[in-house]
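Bear in mind that the values in this text are calculations on the coordinates, not laboratory data. If you're wondering where the values come from, they're calculated on a predicted model, not measured in any experiment. In this analysis, Cβ positions are derived from the backbone assuming ideal geometry, glycine residues included, and neighbour counts consider all displayed protein chains.
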C-alpha cells in the first residue's frame, strides 16, 4: 500500500490543516481539477475558485477556496489559498443571496466594464461556496 500525503493548508489569516495525513487531495487548478495521490510527480499549480476535498479512507473534508497555489513535493502537499472556508462554516443562505445580487448587477453592466468582471468572479466564488455547503 502506498504511503499517505502530508498536507498543510493555509490562508493569510489562518492555518486550516497542519501536517494532516490524507489519501488524496482534489483541488481546482486553473488548468482543470487535479487529484493528488501518494507518489505524485512534483507540481506547482495556480488554483482558481473551487472546492478542495481532502480524502482519508471513506471520509472527506470539503472547503471552498477563492484561488491560490498548490505545491506537491514528494508526498507533501502545500495549499496556499487566498481565502478558504470549511463546509461547516459556510452560510448557504448568504451565498445564495450574494449570487442573486451579483447576477442582478451583471444585468446592468456592460461586459467591457471592470465591474462586470468583478461581479462575474463574485458570482463564481459564491456558487462554489453554495455547492460546497450543499455537498
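Summary table
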read-out: Cβ pairs under 8 Å, 6+ apart, first in the range 104-130 and without any contact (Cβ under 8 Å) to a residue 12 or more places away in the chain, second part of a helix (DSSP H, G or I); value: 109/115; 109/116; 109/119; 110/116; 115/105; 116/106
read-out: Sole exception among (1) surrounded by 16 or more Cβ atoms within 10 Å (Cβ to Cβ); (2) over 18 Å from residue 124 (Cβ atoms); (3) touching a residue at least 40 places away in the same chain (Cβ under 8 Å) for residue 72, by number; value: (3)
read-out: Residue 112 vs. criteria closer than 23 Å to residue 37 by Cβ and surrounded by fewer than 14 Cβ atoms within 10 Å (Cβ to Cβ); value: no
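Matching residues to (1) assigned to a strand (DSSP E or B); (2) in contact with a strand residue (DSSP E or B) (Cβ under 7 Å, 6 or more places away or on another chain); (3) in contact (Cβ under 8 Å) with a residue 40 or more places away in the chain:
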{"residue": "8", "(1), (2), (3)": "yes, yes, yes"}
{"residue": "34", "(1), (2), (3)": "yes, yes, no"}
{"residue": "38", "(1), (2), (3)": "no, yes, no"}
{"residue": "44", "(1), (2), (3)": "yes, yes, no"}
{"residue": "47", "(1), (2), (3)": "yes, yes, no"}
{"residue": "53", "(1), (2), (3)": "yes, yes, no"}
{"residue": "60", "(1), (2), (3)": "yes, yes, no"}
{"residue": "63", "(1), (2), (3)": "yes, yes, yes"}
